[in-house]
Amino acid sequence: MSQFNLVLLGPPGAGKGTQASRIVAEYAIPHISTGDILRGAVKNGTAMGLEAKKYMDAGDLVPDSVVIGIVKDRLQEPDTAKGFLMDGFPRTIPQAEALDAALDELDRAINKVVVILVDEEDLVKRLSGRRVCRTCQAPFHVMFNQPKVEGVCDKCGGELYQRDDDNETTVRNRLATYRKQTEPLIDYYDKAGVVARVDGAKAPDDVYEDIRMALGPAGA
Ligand code: AP5
Ligand code: MG
């Protein structure tokens, strides 16, 4: 592939963030996580952040117009010229269509959509034990992916915290929202012939090996 215009798709807790850090390190492309961008806006108390928080705390999707605007702006940044990894976007058919249209204007297209598949009960366990770095957003887990020092990020030394939306009620609604609004995107991208499915129940390094096989060598 001469460009790596990539999308990571999968339910909440599938391991998108976990795999994203490995992918962007090897393929040298920026990690664009709409969830991280929205949480940044919430933390900074911007008008957009205050509006988005209501949806995020409920486990609903933030309106398409808001998220599409964020991604279009981000695609203007020069670091996306050789490719990008979308994590958590698109999440609806209108978002996917808007992304296709924005890329089309740049004479580009999505090369690969990696779908990470994990059973629903495992997702609930993963999310209820997740801890995230306040500084670099790296995800950890109290059992499956423990930091070397409790409460401290291995990568940057930042403080680990529990996301507001990682409580059982919100998690169940996030999973239902995924099934209803986001899962249809697998079909959408299947029609374009760009989908690679990986088994996300394996250990993180093994999941990454399968992703590498699907993407092919960096710089090829
Ligand atoms: P977002 O931040 O995108 O959250 P999400 O899709 O719910 O996904 P998560 O970040 O929870 O999970 P992940 O797949 O990244 O898993 P992770 O690697 O952390 O979105 C949050 C909210 O923002 C949405 O609900 C919505 O309101 C809003 N939003 C965002 N984008 C939007 C959009 N495009 N449109 C509208 N609204 C939008 O791993 C999870 C845990 O499992 C960790 O503890 C990890 O250590 C562990 N783990 C990972 N891999 C493994 C493994 N292989 N084995 C065992 N444990 C593992
Ligand atoms: Mg994530």
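The values are calculated or read from the model by the stated rules, or taken from the named source; none is laboratory data. Please read these numbers as outputs of a predicted model, since none were measured by experiment. Cβ sites come from the backbone with ideal geometry, for glycine too, and all protein chains shown count toward neighbours. Note: areas computed on protein heavy atoms with side chains; ligands, DNA, RNA excluded. Shrake-Rupley method; radii C 1.70, N 1.55, O 1.52, S 1.80 Å.
Given a cut-off of under 8 Å on Cα pairs at least six residues apart, what relative contact order in percent is computed for the chain?
Relative CO of the chain lands at 31 percent.
Given the protein chains as shown and a 1.4 Å probe, how many square angstrom of SER65 are accessible, to the nearest 10?
90 Å²
HN-Hα J couplings of segment 130-147 from phi, Karplus 6.51/-1.76/1.60, θ = phi - 60°, integer Hz, Gly and Pro as x?
6, 10, 10, 6, 5, 8, 10, 6, 4, x, 10, 9, 5, 10, 7, 7, 6, x
Apply the Karplus curve 6.51 cos²θ - 1.76 cosθ + 1.60, θ = phi - 60°, to the phi angles in segment 59-69 and return the couplings in whole Hz, x for Gly and Pro.
Using θ = phi - 60°, the values come out as x, 9, 7, 5, x, 3, 4, 5, 6, 4, x Hz.
Which shape class applies to the chain: rounded if a/c is under 1.5, otherwise prolate when a/b exceeds b/c and oblate if not, where a ≥ b ≥ c are the square roots of the Cα gyration tensor eigenvalues?
Rounded is the answer for the chain, as its axis ratio a/c remains below 1.5.
Would you compute, from DSSP H runs of 4+ residues alone, the mean residue ellipticity of the chain at 222 nm, taking -39500 (n - 2.57) per run and dividing by the full residue count, rounded to the nearest 500?
-13500 deg cm²/dmol
Could you pull out every residue, at least 5 positions away or on a different chain, whose amide H is within less than 5 Å of the one on ALA196? Hs are placed 1.01 Å off N in the peptide plane, and Pro or chain starts have none.
VAL113, VAL114, VAL115
Accessible area of segment 68-137 with a 1.4 Å probe: how many percent of it is carbon plus sulfur?
46 percent
Label segment 101-220 by shape, choosing from rounded, prolate and oblate, from the square roots a ≥ b ≥ c of the eigenvalues of the Cα gyration tensor; if a/c is under 1.5 it is rounded, and otherwise prolate applies when a/b is larger than b/c, oblate when it is not.
prolate
Please give the per residue accessible area of the chain, computed with a probe of 1.4 Å over protein heavy atoms only, in Å².
It amounts to 50 Å² per residue over the chain.
Just want to confirm a number: the relative contact order over segment 34-107, from Cα pairs under 8 angstrom separated by 6+ residues, in percent.
Relative contact order for segment 34-107 comes out at 28 percent.
In the neighborhood of ASP166, defined by Cβ-to-Cβ distances under 13 Å, what is the net charge if each Lys or Arg adds +1 and each Asp or Glu adds -1?
It works out to a net charge of +4.
For the chain, what proportion of DSSP beta bridges, expressed in % and rounded to the nearest 5, is antiparallel?
Counting DSSP beta bridges with both partners in the chain, the antiparallel share is about 30 percent.
In terms of the Cα gyration tensor, with a ≥ b ≥ c the square roots of its eigenvalues, is segment 159-211 rounded because a/c is under 1.5, prolate because a/b exceeds b/c, or oblate?
oblate
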